[in-house]
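K.L.:
Quick one: this structure, given as structure tokens, is what I'll be asking you about.
Every read-out reported here was derived from the displayed coordinates using simple, explicitly stated rules and does not represent laboratory data. Computed from a prediction, not measured in an experiment: that's the story for all the values here. Every residue, glycine as well, gets a Cβ built from its backbone with ideal geometry; the counts of neighbours run over all protein chains shown.
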Amino acid sequence: MTRVQTADTSQLVAALRDANRTRGTRSRRFAARILKNPRAVVGMILLLLFCFMAVAAPFIAPYEPEAQRIADRLKPPSADHWMGTDALGRDIFSRALYAAQISIPIGIFAMVVALVVGVCIGLLSGYYGGWIDNILMRLTDMLLSFPIFFLLLTITALFGRTIPVLILMLGLTSWGVNARVVRAQVLSLKEKEFVEAARSLGASPGRIIMRHIFPNIVPILIVDATLRVALVILIEGGLSFLGVGVQPPTPSWGNMISDGGALLRRAWWVSVFPGIFLFLCTISFNLVGDGLRDALDPQLQR
């Protein structure tokens, strides 16, 4: 009997060791597949370009973003103003650069909030199941049943329109899909041999979740987070377009597009160029997310 138990324990330890070794090899192959994907590479280049513009805006912007020159109002693109000026004579190119400092961080930090909440709920719900799963998933269903845009409009009316409030409310209304994705992965992983090995060796539920389950869902979370940032940036742009997001005179791609909404016939550049920035930024996140998803697709790995 003792020999059988010793053999079983040795097999469990070996399974656990093989799982950790396979995880490292899989990570290296994953990085190689990403670099071979042209869409992901293009997306990463665009994303790095936008990050550079956001960081270097004070050094490369030719004008102050809030400087008004009424004499230069609604000037078309020229050598002095590469993307023209708006109705208050502000340089569109300079404002678009500074807007990257607002729109991109809002998307990233809101995604982090949504990811933290969604991952915690998904891990607890998927691993423990039972009444914990029922309660947490019913809360998730309630969140997903609300039209998120109208929910955000209501929250902004109640709690204000500052950037920290905007980040928090975007994050706290966007975690539902993350929780569902994480729960589905945990339900599959907790029945695997390496999890059974850790459980048989006396590992606590917390250690099993953080040491053996969570690392295996990180690639899926990266894909979901990348796509989520693009969605949040679009939502923020829509809220700012409606006047309930980032408030003027702080530049945001959404409120810049809104500023030129009534001027499309006579000054198309006021809305078009910020719209191009918003489009390219969301496309870059989507390209990276698609590349990550292709790299994780088992059928494409064969």
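K.L.:
State all residues of region 200-216 that are in contact (Cβ under 8 Å) with a residue 60 or more places away in the chain, farther than 15 Å from Tyr128 by Cβ and in a helix (DSSP H, G or I); if no residue qualifies, say none. Lay out the reasoning, then the answer.
P.N.:
Filtering region 200-216 for residues in contact (Cβ under 8 Å) with a residue 60 or more places away in the chain gives 200-201, 205, 208-209, 212-216.
From what is left, the residues that are farther than 15 Å from Tyr128 by Cβ are 200-201, 212, 215-216.
Hits for region 200-216 are Ser200, His212, Pro215, Asn216.
K.L.:
Which of the residues belonging to region 75-93 are touching a helix residue (DSSP H, G or I) at 6+ places or on another chain (Cβ under 6 Å), within 12 Å of Gly260 (Cα to Cα) and of a type in the set (A, V, I, L, M, F, W, C)?
P.N.:
Answer for region 75-93, where residues must be touching a helix residue (DSSP H, G or I) at 6+ places or on another chain (Cβ under 6 Å), within 12 Å of Gly260 (Cα to Cα) and of a type in the set (A, V, I, L, M, F, W, C): just Ile92.
K.L.:
Could you grab the pairs with beta carbons closer than 7 Å, sequence gap of 6+ or different chains, first residue in region 80-96 and under 12 Å from Gly275 (Cα atoms), second one part of a strand (DSSP E or B) and of a type outside the set (A, V, I, L, M)?
P.N.:
Ile92/Thr85
K.L.:
Then there's this: For the condition part of a helix (DSSP H, G or I) and farther than 15 Å from Leu278 by Cα, what is the one hit in Ala56, Ala99? Talk me through it step by step, then tell me what you get.
P.N.:
Values: Ala99 fails: farther than 15 Å from Leu278 by Cα.
Answer to the selection: Ala56.
K.L.:
Among the residues of region 78-93, which ones are surrounded by 13 or more Cβ atoms within 10 Å (Cβ to Cβ) and either out of contact with any Phe, Trp or Tyr (no Cβ under 6 Å at 6 or more places or on another chain) or not in a loop (DSSP other than H, G, I, E, B) (or both)? Can you show your working first?
P.N.:
Narrowing region 78-93 to residues surrounded by 13 or more Cβ atoms within 10 Å (Cβ to Cβ): 81-93.
Correct list: His81, Thr85, Asp86, Ala87, Leu88, Gly89, Arg90, Asp91, Ile92, Phe93.
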